[in-house]
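Peer 1: Below: one structure in structure tokens.
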Amino acid sequence: MANIKSQIKRNKTNEKRRLRNKAVRSEIKTRVKVAVTVAAESPEQADEALRTAIKRLDKAAAKGVIHKNQAANRKSAMAKRAAAL
């Protein structure tokens, strides 16, 4: 454990960010998986699930949880899969 006051604070904030980032990444994975499965099963509802997944990816990129290019690549791959089905 650190003795320096600023480092103690930095450790606390890093832990908070780590937990937030972990939750956001988990939600992204879930939304993408749901969008792909819904697109495969019922194309009528695929639009809404796809929109939600894209929204979450954009938000994560804006917050700095994932890189903006990674968000773009994931959206592109998801759209390709949805269009193929």
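Peer 1: How large is ³J(HN,Hα) for each residue in region 43-50, as worked out from phi by the Karplus curve 6.51 cos²θ - 1.76 cosθ + 1.60 (θ = phi - 60°), to whole Hz, x for Gly and Pro?
Peer 2: x, 5, 8, 5, 4, 5, 5, 5
Peer 1: Let me ask something else about it. Helix-derived [θ] at 222 nm for the chain: sum -39500 (n - 2.57) over DSSP H runs of at least 4, divide by residue count, nearest 500?
Peer 2: Working: 3 runs with 75 residues, N = 85.
Value at 222 nm, helices only, nearest 500: -31500 deg cm²/dmol.
Peer 1: Heavy-atom accessible area per residue, the chain, 1.4 Å probe: how many Å²? Numbers along the way, then the final one.
Peer 2: Details: 6540 Å² over 85 residues.
Solvent-accessible surface per residue comes out at 77 Å².
Peer 1: While we're on this one: Have a look at T13, Q45, A61 and report the one farthest towards the positive end of the charge dipole of the chain, computed about the Cα centre with Cβ charges (Lys/Arg +1, Asp/Glu -1).
Peer 2: Most positive-ward Cα: T13.
Peer 1: Given a cut-off of under 8 Å on Cα pairs at least six residues apart, what relative contact order in percent is computed for region 1-70?
Peer 2: Numbers: 35 pairs, mean separation 17.8, N = 70.
Taking the mean separation of contacting Cα pairs over the length of region 1-70, I get 25 percent.
Peer 1: Next question, about the same structure. Once the whole set of protein chains is in place, how much accessible area is left on T30, using a 1.4 Å probe, in Å² to the nearest 10?
Peer 2: Counting only protein heavy atoms, T30 exposes about 70 Å² to solvent.
Peer 1: Could the peptides 16-27, 66-77 be put in order, highest first, of the mean number of other beta-carbon atoms found within 10 Å of their residues? Don't skip to the end; give the middle numbers.
Peer 2: On the way: 16-27: 12.1, 66-77: 14.1.
Descending mean neighbour count gives 66-77, 16-27.
Peer 1: Give me the percent of accessible area attributable to carbon and sulfur for the chain, probe 1.4 angstrom.
Peer 2: On the way: 3460 of 6540 Å².
Percent of accessible area from carbon and sulfur atoms in the chain: 53.
Peer 1: Output wanted: per-residue J couplings in Hz (rounded whole) for region 54-66, from phi through Karplus 6.51 cos²θ - 1.76 cosθ + 1.60, θ = phi - 60°, x for Gly and Pro.
Peer 2: 5, 4, 5, 5, 4, 5, 5, 5, 5, 7, x, 6, 10
Peer 1: Quick one: grab the alpha carbon gyration tensor of region 39-85, order the square roots of its eigenvalues as a ≥ b ≥ c, and give me rounded if a/c is under 1.5, else prolate or oblate depending on whether a/b is larger than b/c. Spell out each step's value before the answer.
Peer 2: Numbers: a/c = 4.34, a/b = 1.95, b/c = 2.23.
It comes out oblate by the Cα gyration axes.
Peer 1: Shifting gears a bit: Using the Karplus curve 6.51 cos²θ - 1.76 cosθ + 1.60 with θ = phi - 60°, work out ³J(HN,Hα) for each residue of region 21-35 in order, rounded to whole Hz, and write x for Gly and Pro.
Peer 2: 4, 4, 5, 5, 4, 5, 5, 4, 4, 5, 5, 5, 4, 5, 4
Peer 1: About the Cα centre of the chain, how large is the charge dipole given +1 on each Lys and Arg Cβ and -1 on each Asp and Glu Cβ? Please answer in debye to the nearest 20.
Peer 2: Numbers: 23 positive and 7 negative charges, 172 e Å.
Here the chain has a charge dipole of around 820 debye.
Peer 1: Also, I was wondering about something else. Hey, can you grab everything whose amide H is under 5 Å from the amide H of I66? Only 5+ residues off in sequence or another chain; H modelled, so Pro and N-termini drop out.
Peer 2: Under 5 Å from the amide H of I66 lie the amide H atoms of A61, each far enough along the sequence or on another chain.
The values are calculated or read from the model by the stated rules, or taken from the named source; none is laboratory data. All values reported here derive from a predicted model rather than from experimental measurement. Neighbour counts run over all protein chains shown; Cβ positions are idealised from the backbone, glycine included. Ligands, DNA and RNA are excluded from the accessible area calculation, which covers all protein heavy atoms including side chains. Shrake-Rupley method; radii C 1.70, N 1.55, O 1.52, S 1.80 Å.
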